[in-house]
Structures are given as C-alpha cells and as structure tokens.
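A.B. asks: What follows is a single structure, and I will ask about it in a moment.
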Amino acid sequence: MRILVCGGAGYIGSNMTAMLSAEGHKPVVFDNLVTGHRSAVVGALFVHGDLADYELLVETLKKYKVEAVMHFAALIEVGESVQAPLKYYHNNLCNTQNLLSAMEATEVDKLVFSSTAAVYGIPNQVPITEDSPKEPINPYGETKMAAERMCHHQSQTGKLAFASLRYFNACGAGNNCSLGEDHHPESHLIPLAIQAAMGKRSEIPIYGTDYPTPDGTCIRDYIHIEDLCRAHLLTLNKLEATSEEVCELVYNLGNGKGYSVKEVIETVKKVTGKDFKVVAEGRRPGDAPVLTSDATKAMNELGWKAEVSELEEIVETAWRWHSKHPDGYPN
Ligand code: UDP
C-alpha cells in the first residue's frame, strides 16, 4: 500500500517506515523535522512539511495516491505540556483535525493513530484493559484522548476506518539496531541511563522511591520498538480487510510485564558493563505508580504478541544503537 507516515522521521515513525518498506509497502514520510531526524528516514520518499499546512497535505495525499495514513507526529513531553498546553493542543489536536480534513477531501479513508497509555491517567486497576476509565492527568494525555474522540466521530460518518493504538513505554532500537531514540532534550529512562553509562551524564535521578511498589520505584511496561511496529502492520491489514461500514479499532500495546525504575537502571548497568551514579529524587508530577498493559485484545484480534519481552534484550538493542551513535543522528 501507499502509506503516508506523518512524523516518520521520529523515533517510532522512522522504525515504522523502515518496516513498511521492508514489507513491500510504499511509505511517504511527512515530517516538519522539529523533533525528527532526516537521516533516520530510510526506504521512503520524504516531504518536509507541517501538518498545519492543509494545502501541502492535500497535494501530498493526491500526488502519491496515498491509500492509508499512519500518524505519529505529536509532541510527547508531559512536563512541557503542563507549561505550554496550547502548543500541545495545536500540534496534537488541531493538526490532527487538519490531517483528517485533508484525508476527507482526498477520500483517503484509513488511519492508524498513535495514542498512549497516558489517556488512562492513574488507573484503578492494572494491568490496564482498553475499557478502563480514561482520565488523563496532564495536557499531553488530554490532547491524545481528544484526538481519539475526534477520529471516533469522524469514523461514525463512514468516511474513516481508524485504529487507535495506545502505546506503553516504547524502547530499544530497530532495523538491525540502526534506528534508535534521539530526543532533545532526552527525558526517557532507558536512553538517559545509557547516556549515564557512556559518561555523557554525571548521574541519573530516580523520581520517587516511596511508591507503593516492591522496591518503592515506579513500574512501567517496556515494549520493544519492533514489536510495536509489527502491531501497526497487523492493524493496517485489519483496517484494509474490514467490510464494516463503520470501523473503529482500539488496542493497548505493551508486553504486559512490569519493570521498576531500579530494575531498569540495574539492567542498563549489566548490559553496558558500566557503573554510574544514581540519585534518589522526589516524585515527578504526573507519574502513576504502576502502568502495565493487558494486551489480550490485540493478541486475540490481531494475532499479535510481543516477541522481545525480556528487558535485557530490549536494552541490548538500545545499547547497540547508542554505541554506534554516541552523538545521536547526524541530522
Ligand atoms: N524516570 C526516572 N528518572 C529519569 C527518567 C525517568 O526515575 O531520569 C522514571 C519516571 O519517573 C517513570 C519511569 O522512569 O517512572 C519511566 O519514565 P519515562 O519518562 O521513560 O516514560 P513514561 O513512563 O513517563 O512515559
């Protein structure tokens, strides 16, 4: 299929693009390169553009005869979303509306949307199922939930078959470890710990050691990037195969296993063979104690299962990428 990958120069989008191309699809990446990297785009045509640019979107959808869209283009920093909520509403919600309008105008009727476990807020129960209450606790989660709702309403018209994929903690490197995480600023635990192991940071903070968990630190569900991307391929196939007039899918994507912050840090030390300083700090606002997924629905309906479930294996792939790219992507 000819697929427009919005945000295809970012961490998840670039891995998805490489996988689509390897599977024989024809991806076209659309990215404003504000947080993405041009050199992370492999095996695809590239359009340098912003989702706010309706004309360019329409032109691109027409020019490349796009059949489906995957939408990864979003801002993802929880802390920043609290400081600058309007920036998040603009990028994550208004720009998604623009994309849906351009799709409607060009009759492109399939969308896979990147959502997040942040739509659940602080869950009453873990592991989290798709029908758990959605009560985001920060503007980032709110904008993703609002975008999901907008897609839902558009899907009700019969003009859009859409899937919302709620990611837990995507990590590791894909495409033979050639595509990894390079955020500026970096805020994610695994790349930060690896940078500490590489001597690029003097220490790593643990945000909260008094949580009601066995070792007092937060527990998260870390899913390898290639497992995550494979679920998108299966989702796309399902959207394409549907004969329903109204099609709306939603899946949690996680591997179901929880690891604490301390366990992640110990794993990074083990994999890299390097020790580094770890400092206990206060809780980070907006962090839920435990977030783990129940991905039974994706398993049953997509035939998907996380293949890389051991944290050590995931961290090894990230370590291989960081070792080869100590300064990140060249551009
Ligand atoms: N974390 C930490 N120190 C850091 C970065 C993150 O203790 O320097 C914790 C964070 O509080 C959370 C977990 O690591 O409990 C995973 O955070 P990350 O930002 O990687 O992903 P999130 O779960 O927030 O999406």
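FYI, it's all coordinate maths here, none of it is from the lab. In this text the structure is predicted, and so the values were computed from the model without any measurement. When we count neighbours, we look across all protein chains shown, and the Cβ atoms used for this are built from the backbone with ideal geometry, even at glycine.
A.B. asks: Given H placed 1.01 Å from N in the peptide plane, which residues other than close sequence neighbours of Ile206 have an amide H under 5 Å from its amide H?
C.D. replies: Residues meeting the criterion, in which the H sits 1.01 Å from N, are Val279, Ala280, Glu281.
A.B. asks: Where the Cα atoms of the chain are projected onto their three principal axes, how long is each span, largest first, in whole Å?
C.D. replies: Computed over the Cα atoms, the extents are 54, 43, 39 Å.
A.B. asks: List every residue whose amide H lies under 5 Å from the amide H of Arg166, counting only residues 5 or more places away in sequence or on a different chain, with H placed 1.01 Å from N in the peptide plane.
C.D. replies: Close amide H contacts, sequence-distant or interchain: Ser115, Tyr251, Asn252, Leu253.
A.B. asks: From the helices alone, meaning DSSP H stretches of at least four residues, give me the mean residue ellipticity at 222 nm for the chain, per-run term -39500 (n - 2.57), in deg cm²/dmol to the nearest 500.
C.D. replies: On the way: 11 runs with 121 residues, N = 331.
Roughly -11000 deg cm²/dmol at 222 nm, from the helical runs in the chain.
A.B. asks: Considering only DSSP beta bridges with both partners in the chain, what is the antiparallel share in %, to the nearest 5? Each step should come with its number before you reach the end.
C.D. replies: Details: 3 of 43 bridges.
About 5 percent, rounded to the nearest 5.
A.B. asks: List the lysines whose Cα sits under 26 Å from the Cα of Lys324, skipping any in the same chain fewer than 8 residues away.
C.D. replies: The qualifying lysines are Lys200, Lys262, Lys269, Lys270, Lys274, Lys277.
A.B. asks: Dimensions of segment 31-87 along principal axes (Cα, Å, largest first)?
C.D. replies: Largest to smallest, the principal-axis extents are 39, 25, 17 Å.
A.B. asks: Follow-up. How far, in nm, would the chain grow between Met198 and Arg149 when pulled straight, counting 0.36 nm per residue and subtracting the alpha carbon separation? It would help to have the intermediate numbers written out before the result.
C.D. replies: On the way: separation 49, 0.36 × 49 = 17.64 nm, distance 4.22 nm.
Length gained, Met198 through Arg149: 13.4 nm.
A.B. asks: Another question, if that's okay. So who's got an amide H within less than 5 Å of the one on Phe46, skipping anything under 5 residues away but keeping other chains? H placed 1.01 Å off N, in plane.
C.D. replies: Result for Phe46 returns Val29.
A.B. asks: Tell me, what ³J(HN,Hα) does each residue in segment 167-181 have, in order and in whole Hz, if you take phi through Karplus 6.51 cos²θ - 1.76 cosθ + 1.60 with θ = phi - 60° and put x for Gly and Pro?
C.D. replies: For segment 167-181, the Karplus curve yields 7, 8, 8, 5, 7, x, 10, x, 6, 6, 6, 9, 10, x, 8 Hz.
A.B. asks: How many nm is it between the label spots at Lys305 and Lys270, if each spot is 7 Å from the Cα in line with the beta carbon?
C.D. replies: Reported label-point gap for Lys305 and Lys270 is 2.3 nm.
A.B. asks: Can you compute the modelled spin-label distance between Leu33 and Glu244, with each label point 7 Å from Cα toward Cβ, in nm?
C.D. replies: 4.0
A.B. asks: Using a/c under 1.5 as the rounded threshold, could you call segment 122-176 rounded, prolate or oblate? The axes a ≥ b ≥ c are square roots of the C-alpha gyration tensor eigenvalues, and prolate needs a/b larger than b/c, oblate otherwise. Don't jump to the answer; show the numbers that get you there.
C.D. replies: On the way: a/c = 1.92, a/b = 1.19, b/c = 1.61.
Since a/c reaches 1.5 but b/c is at least a/b, the shape of segment 122-176 is classed as oblate.
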